[in-house]
Amino acid sequence: MSEPFSARLKAGTATIHDEVEHTTFMVDLMEGRLDSSAYALLLKQYDVIYGVLESKSREFADNAVFTPFFDADLFRAERIAADLAALDGVELPVMPGASAYAAHLQGLDRAEQVIAHHYTRYLGDLSGGQAIGTLMGRHYGLPATSLTMWDFAEIGKTKPYKDVYRSRLDQVAATGGDEQMVIDETMEAFRLNGALLVDLTEATELRTVPVA
Ligand code: HEM
């Protein structure tokens with residue numbers, strides 16, 4: 001009996017997840033060595049990426065392979081826009097990595113590809129992302145009004161939601177979906193996130209403040 005698809009996907013992307021998680025920008029941000037404007041710059045990139053991801057999700061909402069994953073309660077674009085306004089970051093620059101990521105999302109034409117990007121962002125936000133929200137408040141004194149993108153109250157408890165999400169991944173083949181295409185595109189999703197975080201590392205390098 002082969003492992004459930006969700007376990008194979010997680011195991012197959014664990015190494016690249018680790019690499020992305022440990023990019024200098026992410027580590028410095030999470031350990032308090034940057035500042036609130038570095039977080040706002042990250043949010044500006046999310047503003048571009050989630051806008052396209054969520055319009056793609058709507059475009060594939062009636063596709064039998066993607067429908068089980070479609071959930072407007074996961075959508076973040078409005079919250080990200082409000083958080084960005086609260087941080088006065090609307091005019092911040094868009095990194096080349098974010099433009100490339102958005103262009104890639106725009107070109108997706110298979111449900112399996114949309115699932116891959118949906119999984120990478122939303123299950124990430126419901127996992128390590130929860131720590132990001134907490135640490136931004138603690139390290140940089142950001143008000144809750146600027147951290148609403150990490151608040152998923154609408155979906156109820158996170159763990160049972162993630163378990164149901166994984167059971168939907170386990171059903172991808174049964175709905176006629178191509179599991180290998182999901183794995184390949186998830187690798188691409190992590191690469192695009194990694195490239196964006198490298199852009200942000202370079203953009204904030206000169207601002208790293210040593211923590212006492
Ligand atoms: C500060 C950086 C990060 C930390 C500390 C972190 C931490 C974690 C942890 C602890 C889990 C496991 C949760 C579980 O098993 O339920 C996880 C899962 C995940 N993370 Fe991250 N992560 C980080 C960054 C990222 C980034 C940047 C992405 C996406 C680009 C990402 C995508 C994911 C995904 C998709 C999962 C779900 C894996 C699965 O259960 O199939 N993470 N993360």
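The values are calculated or read from the model by the stated rules, or taken from the named source; none is laboratory data. The model shown is predicted, which means the values in this text are computed figures rather than measured ones. Virtual Cβ from ideal backbone geometry, glycine too; neighbours counted across all protein chains shown. The protein model used for the area step is the full one, side chains on, heavy atoms only, and it has no ligands, DNA or RNA in it. Shrake-Rupley method; radii C 1.70, N 1.55, O 1.52, S 1.80 Å.
Kindly check whether there is at least one residue in region 51-66 that is within 11 Å of the ligand (Cβ to nearest atom) and either more than 19 Å from residue 148 (Cα to Cα) or touching a residue at least 24 places away in the same chain (Cβ under 8 Å) (or both).
no
Identify the single condition in (1) open to solvent by 40 Å² or more (accessible area, probe 1.4 Å); (2) within 11 Å of the ligand (Cβ to nearest atom) that residue 135 does not satisfy, given that it satisfies every other one.
(1)
Please specify each residue of region 97-113 satisfying the condition of being within 20 Å of residue 194 (Cβ to Cβ), open to solvent by less than 50 Å² (accessible area, probe 1.4 Å) and either part of a helix (DSSP H, G or I) or within 15 Å of the ligand (Cβ to nearest atom) (or both).
Scanning region 97-113 gives 97, 98, 101, 102, 105, 113.
I'm trying to understand the selection: among the residues of region 39-64, which are of a type in the set (A, V, I, L, M) and closer than 19 Å to residue 76 by Cβ? Explain how you work it out, then say what you get.
Within region 39-64, the subset of a type in the set (A, V, I, L, M) is 40-43, 48-49, 52-53, 61, 64.
Of everything in region 39-64, those that are of a type in the set (A, V, I, L, M) and closer than 19 Å to residue 76 by Cβ turn out to be 40, 41, 42, 43, 48, 49, 52, 53, 61.
Out of region 161-185, which residues are within 13 Å of the ligand (Cβ to nearest atom) and within 19 Å of the chain's Cα centre (by Cα)?
Once the filter is applied, which keeps residues that are within 13 Å of the ligand (Cβ to nearest atom) and within 19 Å of the chain's Cα centre (by Cα), region 161-185 yields 161, 162, 163, 164, 165, 166, 168, 169, 182, 183, 185.
Are any residues in region 17-38 polar (S, T, N, Q), open to solvent by less than 70 Å² (accessible area, probe 1.4 Å) and more than 11 Å from the ligand (Cβ to nearest atom), and if so, which ones? Walk me through it before giving the result.
Initially, region 17-38 is screened for residues polar (S, T, N, Q), giving 23-24, 36-37.
This time we only want the ones that are open to solvent by less than 70 Å² (accessible area, probe 1.4 Å), so: 23, 36-37.
36, 37 - these are the residues of region 17-38 that are polar (S, T, N, Q), open to solvent by less than 70 Å² (accessible area, probe 1.4 Å) and more than 11 Å from the ligand (Cβ to nearest atom).
For region 129-179, what are the residues that are in contact with a Pro (Cβ under 6 Å, 6 or more places away or on another chain) and in a helix (DSSP H, G or I)? Steps first, answer last, please.
Taking region 129-179 first, the residues in contact with a Pro (Cβ under 6 Å, 6 or more places away or on another chain) are 168, 170.
Once the filter is applied, which keeps residues that are in contact with a Pro (Cβ under 6 Å, 6 or more places away or on another chain) and in a helix (DSSP H, G or I), region 129-179 yields only 168.
Within region 1-42, can you find the residues that are touching an Asp or Glu at 6+ places or on another chain (Cβ under 6 Å) and assigned to a helix (DSSP H, G or I)? Step through it out loud before you land on a result.
Step one: filter region 1-42 for residues touching an Asp or Glu at 6+ places or on another chain (Cβ under 6 Å), giving 4-6, 34.
Of everything in region 1-42, those that are touching an Asp or Glu at 6+ places or on another chain (Cβ under 6 Å) and assigned to a helix (DSSP H, G or I) turn out to be 5, 6.
Restricting the search to region 118-131, which residues are surrounded by fewer than 20 Cβ atoms within 10 Å (Cβ to Cβ) and near the ligand (Cβ under 6 Å from one of its atoms)?
Within region 118-131, 124, 127, 128, 131 qualify.
For residues that are of a type in the set (A, V, I, L, M) and modelled with pLDDT under 95, tally how many sit in region 1-33. Steps first, answer last, please.
Just the residues of region 1-33 that are of a type in the set (A, V, I, L, M), to begin with: 1, 7, 9, 11, 14, 16, 20, 26-27, 29-30.
From what's left, modelled with pLDDT under 95: 1.
Residues flagged as of a type in the set (A, V, I, L, M) and modelled with pLDDT under 95 within region 1-33 amount to 1.
Only one of 62, 73 is surrounded by fewer than 16 Cβ atoms within 10 Å (Cβ to Cβ) and assigned to a loop (DSSP other than H, G, I, E, B); which?
Checking each option against the conditions leaves just 62.
Can you name the residue in region 152-198 that is crowded, with 16+ Cβ neighbours inside 10 Å and small (Gly, Ala, Ser) and is also nearest to residue 5 (Cα to Cα) among such residues?
177
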